[in-house]
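A.B. asks: The structure that follows is given in the form of structure tokens.
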Amino acid sequence: MQRLFIIVLSFCVVASAVAAPTTTSTKTNTSPSKQQIARNIDNLIKKQVGNVNIGIVIKNLDTGKVIYEKNPKRSFVPASTMKVLTGFSGLLFLGPNYRYKTTILADNRQIHHGTLNSDVYIKFSGDPTLKISHLKHMIERLKQQGIHAINGDVYVDDTAFGTNDIGPGWMWDDTRYCFSAPTSAAMINGNCIHMQVKPNKSVGKPVQIIPIGSAKYVDYRNFTTTKAGKGGFCRLDLHSNINNIYTLDGCMRAHSEARGLSIAVQNPEIYAEKIIADLLGSAGIRVTGKVRTGSSRDSLVLLAQHQSKPLKELTKKMLKDSDNLIANSVFKTLGRQYYKSSGSWKNGAKAMKNIIGKSAKVDLKNSSIVDGAGLSRYDLITPQQLLDVLNYAYHDKAIKNDFMNALPTSGIDGTLKNRMGQAITIRKIRAKTGTMSHVTSLAGYITTKDKQTVGFAIMMNGAAGRLGKYRRLEDQICTYLAQINVKPKAKPKTVAQTTTQSPTKKAP
């Protein structure tokens with residue numbers, strides 16, 4: 001199977017300035033009624049985006065009162081706000097301190113003159129943060145135990161997850177990019193490779209391909225040409241196949257600058273096999289058999305182990321940086337741990353629905369959940385479902401702090417670092433963004449003027465053209481809510497008036 005990648009060098013400028021929300025008066029009414037809030041938000045929608053397919057629900061989580069809603073039960077493609085459900089489910093079911101474990105196992109510890117007489121198994125668990133350096137350290141532990149040779153085969157066990165690494169409904173042309181890297185049990189360096197291409201010093205010679213780091217573990221075919229002058233259009237095309245062979249053809253002009261490329265690994269198994277074989281060789285550990293893919297057995301002896309950071313730390317990276325690989329790994333891990341079988345897209349979806357439905361009492365029957373990152377166009381959820389999850393997390397003492405602290409903070413970090421950084425909004429919004437072609441969404445929490453915590457979900461599909469104006473609407477709604485009081489004022493008590501009569505004197 002061949003995949004064609006067209007290399008495009010583009011530059012994007014992101015404007016972070018957000019217009020202040022428009023209200024019916026020049027000065028914001030800081031204590032509006034529910035009807036006034038609805039009018040102001042409706043005016044913002046009408047002025048900023050017009051007749052877009054939009055769903056919104058806003059609720060005071062301290063009082064339980066709904067502040068505003070518009071199509072709250074309509075289904076939308078969520079994009080990365082799907083990670084709200086994934087992060088929540090992971091913390092709730094796996095626990096904040098859950099860790100991924102990568103282990104090196106053997107049948108026994110029989111070491112004779114530096115030779116381990118056993119097959120060796122490197123068992124992967126789907127750790128999305130595993131690096132080559134971690135594997136190198138584990139292999140060094142073998143040497144510390146006196147192992148200089150392995151009399152047997154070395155097996156790469158990636159059976160923790162099923163064999164389908166690409167999610168249902170992912171855009172075909174996205175699979176070239178690292179943000180859509182395959183979600184396999186053996187994920188090393190994010191299943192992403194980096195390289196540089198630059199013109200040859202000699203016109204007519206092939207373009208130079210310079211692998212960086214782990215890119216040396218895939219193969220290249222170079223059918224390119226360096227051309228002189230500033231003549232016609234030159235384009236580089238990158239083809240790949242399931243054997244991790246990347247073929248580059250086309251041309252570059254001699255005056256062109258070098259280009260950096262980050263590309264997803266197409267076959268994680270082959271990639272892992274080559275890395276492990278190289279690390280063993282570099283460590284001076286000779287293998288009499290082969291490094292190959294295979295499953296391990298029970299009752300094996302542990303030789304070395306690496307543990308990931310706790311899930312609460314991975315969730316923070318997943319939500320703040322919108323890390324797709326972590327989200328999809330957690331998704332498949334939910335399926336694996338819930339059903340005690342290899343994690344897959346199918347059982348991950350079933351597990352998430354059951355966890356959220358049974359534990360948080362959020363009805364997801366009419367939703368469509370197929371991955372954990374929101375990369376799929378098949379994902380469909382409602383603003384109300386998003387808000388219900390946010391509401392439950394806010395009131396659950398076991399995960400509240402870990403969940404809320406993992407969300408991007410306005411003007412401070414993550415995908416909200418360059419949004420809503422004005423004095424009236426900075427640090428007051430914690431929310432997950434979601435973006436893909438024609439889709440934008442934002443869901444999370446707002447601290448209002450009267451220190452109430454408002455939960456909200458804003459989802460827009462069918463957004464035409466650039467998404468800037470739609471994001472500005474999200475920011476304007478949040479800005480408006482941050483500068484008003486949402487808790488109804490207590491009605492003043494009326495003092496009952498009584499008529500006092502002078503006592504009647506009795507006749508002497």
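The values are calculated or read from the model by the stated rules, or taken from the named source; none is laboratory data. Treat the numbers as computed from the prediction; the structure is a model and nothing was measured. Cβ coordinates were reconstructed from backbone atoms using ideal geometry, including for glycine residues, and neighbour counts include every protein chain displayed.
A.B. asks: Quick check on segment 291-312. Is at least one of its residues in contact (Cβ under 8 Å) with a residue 12 or more places away in the chain, touching an Asp or Glu at 6+ places or on another chain (Cβ under 9 Å) and in a helix (DSSP H, G or I)?
C.D. replies: yes
A.B. asks: Check segment 249-260 and report whether any residue there is crowded, with 17+ Cβ neighbours inside 10 Å and of a type in the set (S, T, N, Q).
C.D. replies: Yes, that holds for at least one residue.
A.B. asks: When A431 is evaluated against the numbered criteria (1) in contact with a Gly (Cβ under 9 Å, 6 or more places away or on another chain); (2) surrounded by fewer than 24 Cβ atoms within 10 Å (Cβ to Cβ), which criterion, by number, is the only one it fails?
C.D. replies: For A431, the failing item is (2).
A.B. asks: Only one of V218, V197, V207 is under 26 Å from Y121 (Cβ atoms), surrounded by 14 or more Cβ atoms within 10 Å (Cβ to Cβ) and in contact (Cβ under 8 Å) with a residue 24 or more places away in the chain. Can you tell me which?
C.D. replies: The match here is V218.
A.B. asks: Now for a different question. Quick one: is L390 out of contact with any Cys (no Cβ under 9 Å at 6 or more places or on another chain), surrounded by fewer than 16 Cβ atoms within 10 Å (Cβ to Cβ) and among the aliphatic types (A, V, I, L, M)?
C.D. replies: Answer is no for this residue.
A.B. asks: In the list A423, A464, A431, which residue meets the criterion of being free of Cβ contacts under 8 Å to residues at least 12 places away in the same chain and hydrophobic (A, V, I, L, M, F, W, C)?
C.D. replies: So the residue among A423, A464, A431 that is free of Cβ contacts under 8 Å to residues at least 12 places away in the same chain and hydrophobic (A, V, I, L, M, F, W, C) is A423.
A.B. asks: Moving to a separate point now. Inspect segment 74-83 for any residue being at pLDDT 95 or above and surrounded by fewer than 22 Cβ atoms within 10 Å (Cβ to Cβ) and give the result as yes or no.
C.D. replies: The answer is yes; a qualifying residue exists.
A.B. asks: Another question, if that's okay. Filter segment 436-484 for residues that are modelled with pLDDT under 95 and part of a strand (DSSP E or B) and give the result.
C.D. replies: Matches in segment 436-484: M436 only.
A.B. asks: Kindly evaluate I355 against the criterion of being crowded, with 21+ Cβ neighbours inside 10 Å, part of a helix (DSSP H, G or I) and outside the structural domain of H113 (by TED's automatic domain parsing).
C.D. replies: Spelling it out, I355 is indeed crowded, with 21+ Cβ neighbours inside 10 Å, part of a helix (DSSP H, G or I) and outside the structural domain of H113 (by TED's automatic domain parsing).
A.B. asks: Turning to a different aspect of this structure: For segment 163-274, which strands (runs of 3 or more DSSP E) that fit wholly inside it have 3 or more residues that are within 32 Å of the chain's Cα centre (by Cα)?
C.D. replies: Those strands (runs of 3 or more DSSP E) span 192-198, 208-212, 236-240, 245-253, 259-264.
A.B. asks: Does Y155 satisfy being touching a Phe, Trp or Tyr at 6+ places or on another chain (Cβ under 6 Å), in a strand (DSSP E or B), farther than 27 Å from G372 by Cβ and modelled with pLDDT of 95 or more?
C.D. replies: So Y155 fits the description; yes.
A.B. asks: Also, I was wondering about something else. Criterion first (surrounded by 21 or more Cβ atoms within 10 Å (Cβ to Cβ) and within 18 Å of N53 (Cα to Cα)) does I399 satisfy it?
C.D. replies: Answer is no for this residue.
A.B. asks: So, in segment 376-403, exactly how many residues are farther than 19 Å from F331 by Cα and among the hydrophobic types (A, V, I, L, M, F, W, C)?
C.D. replies: 2
A.B. asks: I need a count of the residues in segment 382-413 that are under 13 Å from L442 (Cα atoms) and either within 18 Å of the chain's Cα centre (by Cα) or part of a loop (DSSP other than H, G, I, E, B) (or both).
C.D. replies: 7
A.B. asks: Please enumerate the residues belonging to segment 160-177 that are crowded, with 17+ Cβ neighbours inside 10 Å and not small (G, A, S).
C.D. replies: Within segment 160-177, F161, D165, I166, W170, T175, R176 meet the criteria.
A.B. asks: Another question about this same structure. Conditions first: (1) assigned by TED's automatic domain parsing to the domain that holds R419; (2) assigned to a helix (DSSP H, G or I). S322 passes all but one, so which condition is the exception?
C.D. replies: Unmet for S322, out of (1) assigned by TED's automatic domain parsing to the domain that holds R419; (2) assigned to a helix (DSSP H, G or I): (2).
A.B. asks: Filter segment 178-194 down to the residues that are touching a Pro at 6+ places or on another chain (Cβ under 6 Å) and not aliphatic (A, V, I, L, M), then identify the one that is surrounded by the most Cβ atoms within 10 Å (Cβ to Cβ).
C.D. replies: The residue in question is S184.
A.B. asks: Another question, if that's okay. Any residue at all in segment 221-239 that is touching a residue at least 24 places away in the same chain (Cβ under 8 Å) and closer than 30 Å to T102 by Cα?
C.D. replies: No, the conditions are met nowhere in segment 221-239.
A.B. asks: Restricting to segment 445-471, what's the tally of residues that are within 20 Å of the chain's Cα centre (by Cα) and among the hydroxyl-bearing types (S, T, Y)?
C.D. replies: Selection size over segment 445-471: 1.
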